[in-house]
Amino acid sequence: MVFSKVKYGILGLLLTLPAYAQNDQSLILRGNEQYKKGAFDKAAEDYRKAAELNKNNAKAQYNLGNALYKNKQIEEAEKAFEAAGEINPDKQLTANALYNKGVAHSRQKQLMESIGAYKNALKLRPDDQQARENLQRAINELKKQPPPKQDKDQNQNKDQNKPQNKSKLNEQQAERMLNALRQEEKRLQQDKQGKQPTGGMQEKDW
């Protein structure tokens, strides 16, 4: 299962602050410097401190997620991306956070969770082709999953058709998701007819 990389690109700040000013913004600046050097553990520490100082700093949580993911701490990264998306009303940041959360779930084989994250990202940014492609991959992988296993003793007492029904239900759910995805793609193509593109996709480093 190959999914697109997450949207790296740490979020900077418009102002510079003296090194001694230990507030959330100065910690983000310091974390960014560590991130650029490849010291992801130190960067994560600074971003975490910034998030603790300011619970409403979505940039700290978003950058923390990227640093944690780079450091192969997938579950913690997922939580940071989720927190960033809940804090910030900015559509682009929230969509990127949801996309990254989806990738983190995908890497852990949590397909239903990844599908939900990609779908929420697309609600905010329907033109995000990578999120759309990852969503379809996750749905395809879900359809390939075998039916749940049951103990031998349970099989003697329960209807043998139940596991098959569950499998069919999963396939039906996945098929509905695919159909909805195709309908959304058709709608987007119709909306874009006669319109000139406004710019390319945001570069994603992972």
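The values are calculated or read from the model by the stated rules, or taken from the named source; none is laboratory data. All values reported here derive from a predicted model rather than from experimental measurement. Quick reminder, even Gly has a Cβ in these numbers, built from the backbone with ideal geometry, and neighbours come from all protein chains shown. Remember, those area values only see protein heavy atoms, side chains included, never the ligands or the DNA or RNA. Shrake-Rupley method; radii C 1.70, N 1.55, O 1.52, S 1.80 Å.
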With DNA, RNA and ligands ignored, accessible area of Leu142 (1.4 Å probe; Å², nearest 10): 10
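Among 99-107, 46-54, what's the highest-first ranking by average C-beta atoms within 10 angstrom per residue? Present the calculation step by step, with values, prior to reporting the outcome.
Details: 99-107: 26.2, 46-54: 20.9.
Averaged packing, sorted descending, gives the order 99-107, 46-54.
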Portion, in percent, of the accessible area of the range 76-149 that falls on carbon or sulfur, probe 1.4 Å: 47
Sites Leu53 and Ala180, calculated FRET efficiency, Cβ-Cβ separation with R0 45 Å, nearest 0.05: 0.60
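For the range 55-134, give the magnitude of the charge dipole about the Cα centre (Cβ charges: +1 Lys/Arg, -1 Asp/Glu; no others), in debye to the nearest 20. Mind dumping the intermediate values first?
Working: 13 positive and 10 negative charges, 14 e Å.
Taking the Cα centre of the range 55-134 as origin, the dipole is about 60 debye.
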Entries of Lys101/Lys143; Lys49/Lys109; Lys101/Lys144; Lys119/Lys144; Lys42/Lys101; Lys70/Lys143 with Cα pairs more than 27 Å apart: Lys49/Lys109; Lys70/Lys143
Quotient of C-alpha Rg and 2.2 N^0.38 Å, computed over the range 78-129: 1.01
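If you take the square roots of the eigenvalues of the alpha-carbon gyration tensor of the range 38-124 and sort them as a ≥ b ≥ c, do you get rounded (a/c under 1.5), prolate (a/b over b/c) or oblate?
Details: a/c = 2.43, a/b = 1.28, b/c = 1.91.
Taking the square roots of the gyration eigenvalues as a ≥ b ≥ c, the range 38-124 is oblate.
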